[in-house]
Amino acid sequence: MTDPRATLRTVDTSPAETDSDVLVVVVRAGASGQGPALLDGTDLPEHAVQAVASMLHRLGATGSADETTRLPSPDGVAAGTVLAVGVGRRDPDDPETLRRAMGAASRALVGVGSAVLAIPGDDSAQAAALEGALLGAYAFTAFRSGDSGRPPLAEVVVSGTAEAVVVRVEALAAAVNRARDWVNTPPGDLPPATFANQIVEAAADVPIEVEVLAEDELAEQGYGGIIGVGRGSAHPPRLVRLAYRPDGATAHLAIVGKGITFDSGGLSLKPAEAMIGMKTDMSGAAAAAAAAVAVAEVGLPVNVTVYAALAENMPSGSASRPQDVLRMYGGTTVEVLNTDAEGRLVMADALVRAGADEPDLLVDIATLTGACMVALGNRVAGLISDDADAAAQVKGAADAAGEQVWALPIPEEMRSKLDSQVADLANIGNRFGGALQAGAFLKEFVADGVAWAHLDIAGPARNTEGAYGYTPKGGTGFGVRTLMALADALSR
């Protein structure tokens, strides 16, 4: 991938004294009849604060969330212009408020060379603002010919930010954007073998051990779910294992990611319009692999193992048929009643294998069910676990990262809906509670005594509407930040 990304530069001068194309300031909505007001602590001269506020009021700016207004620079500001970005009535002390605001600012600065950020707050606020700015300055142009339009903001400049904050933010933003690139790549250009090779390349410069199982090895070792899903495709499946083992680590996080590089539905073929967007069905594997690389880059003292289960689900004469029975890794048999419920089959193999590593916490992440989108919309992930502590750990990490998740149950009766007349269980039940049934299915493949949580990211993995905050249209990289925050929490 060679698409442009904003770089990050630190300076010793104050934001007002720093030469750049644009100075970015954050404003909140004013009281009735008043214009927006700059957030306290932006380190600008008082006369500049007053001048910016006055211009915003005269221009009719409201300071509403994501509103951006470009202004001429007042005296005492070295930047060529000022960009005011609003946070509305959001809590200015919430890091996510600054993250979204700076993302909106970056998106408004397409074609600009450099922007210096006037960031109020402590290291947490600085980190959130920088994350937002770098994530907002994203474009995917690898498949555009000729002039692809103005590039995204080229450089983000900050003053007085701690080096540790800069290192972590750069690694995190690079990981999210790497996941976005993978998710946005056309499916013909990212079949399982190619995706596996790109994961290997991403991990080449960090201390991660990599193992890739090809189709012959998968068959020999009994990965019936991955083989069963992938055998209808001309592009054979892969299982990628990443192992990060730093000195001094005492906790172990295992992550399983669904990597269906294209989902036609198999012989249970999707309608044509439902296939649009199915190149993104590998978003879980993308998030898992990208997060592991970022954890290693930062050097967090926690063991991390990732299993990326990669397959292409296609119809052909060799494809799995409805009512075929697959023997999963570990021996459990599954009757395939719907070949379009394929993600849980590859995940089942990987969950059993991950459990053999005896992690302290096992998290799987997948674009698993449309039912979860029906329940939670397209910006919130479903969180399913039978372990309250594991669910709380994942929820806490998501909250810290600014990614929205909502806990869903696994009612006792969901398992019985998966009963099969010929196998240990079926891969689908009835149409009610589809996301919960999927959680119940996955739970069957988690080893006894292993704390487990499942993230269904079918909604937030891709944004099919307009860009907002730091979230572009297309692949979002959802889950990378939660997984990295979770690894960080376990390292302490």
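No lab work stands behind these numbers, since they all come straight from the coordinates. The shown structure was predicted, so the numbers you read here are calculated from the model rather than taken from an experiment. In this analysis, Cβ positions are derived from the backbone assuming ideal geometry, glycine residues included, and neighbour counts consider all displayed protein chains.
Across the chain, the mean sequence separation of Cα contacts (distance under 8 Å, 6 or more residues apart), normalised by length, yields a relative contact order of 15 percent.
Taking chymotrypsin sites (Phe, Trp or Tyr not before Pro) as exposed when their DSSP state is a loop state and no more than 12 other Cβ atoms lie within 10 Å, the longest site-free interval of the chain runs over 144-431. Taken over the chain, lysine pairs spaced eight or more positions apart, or on distinct chains, with alpha carbons under 17 Å apart number 5.
Axis angle, to the nearest 10 degrees, between helix 46-59 and the longest C-alpha principal axis of the chain: 70 degrees. Across segment 224-261, the residues whose backbone nitrogen lies under 15 Å from the label position 7 Å along the beta-carbon direction of Val200 are 236-243. Farthest towards the positive end of the charge dipole of the chain, among the residues Val24, Val156, Ala487, is the Cα of Val24, using unit charges on the Cβ of Lys, Arg, Asp and Glu. Ranking Val52, Ala37, Ala139 by how far each Cα lies toward the positive end of the dipole of segment 7-161 (charges on Cβ) leaves Ala139 at the top. Annotation: average projected area of the chain is 23.5 square nanometres, based on the convex hull of Cα atoms across all directions. By how many degrees, between 0 and 90 and to the nearest 10, does the Cα long axis of helix 163-184 differ from the longest principal axis of the chain? Taking the Cα atoms of the chain, the angle to 163-184 is about 50 degrees.
Among the trypsin sites (Lys or Arg not before Pro) in segment 409-478, those located in a DSSP loop and surrounded by at most 13 other Cβ atoms within 10 Å of their own Cβ are Arg431.
Calculate, in whole percent, how much of the Cα-Cα pair population of segment 180-335 lies beyond 24 Å. Spell out each step's value before the answer.
Numbers: 4220 of 12090 pairs.
Result: 35 percent of Cα pairs exceed 24 Å.
Are there GluC sites (Glu not before Pro) in segment 389-492 that DSSP puts in a loop and that have at most 14 other Cβ atoms within 10 Å, and which ones? Mind showing how you got there, number by number?
On the way: sites: Glu403, Glu412, Glu413, Glu444, Glu465; in loops: Glu403, Glu444, Glu465.
Answer by residue number: Glu465.
Bridges between two residues of the chain, per DSSP, are antiparallel at a rate of about 40%. Computed from backbone phi, the HN-Hα couplings of segment 109-122 come to 10, 4, x, 8, x, 8, 9, 9, 9, 9, 10, x, x, 8 Hz, rounded to whole numbers (Karplus: 6.51 cos²θ - 1.76 cosθ + 1.60, θ = phi - 60°; Gly and Pro given as x).
Amide H contacts under 5 Å for Asp324: Val336, restricted to partners 5 or more places along the chain or on a different chain, H placed in the peptide plane at 1.01 Å from N.
Simple point charges give the picture: +1 on the Cβ of Lys and Arg, -1 on the Cβ of Asp and Glu, and for segment 7-161 a dipole about the Cα centre of about 680 debye.
Working from Cα positions, state the angle (0 to 90°, nearest 10) between the long axis of helix 283-298 and the longest principal axis of the chain. Roughly 60 degrees between the two axes.
In percent, rounded to a whole number, the relative contact order of segment 7-161 is 31, using alpha-carbon pairs under 8 Å and six or more apart.
Under a Cβ-only charge scheme (Lys and Arg +1, Asp and Glu -1), can you give me the dipole magnitude of the chain about the Cα centre, in debye to the nearest 20?
In total the dipole reaches around 1300 debye.
Each of Ala84, Leu117, Gly225 was placed along the dipole of the chain (beta-carbon charges, centred on the mean Cα), and the one lying farthest toward the positive end is Ala84.
Karplus-derived 3J(HN,Hα) values for segment 35-44, using 6.51 cos²θ - 1.76 cosθ + 1.60 with θ = phi - 60°, are x, x, 10, 5, 5, 5, x, 7, 6, 10 Hz; glycine and proline are entered as x.
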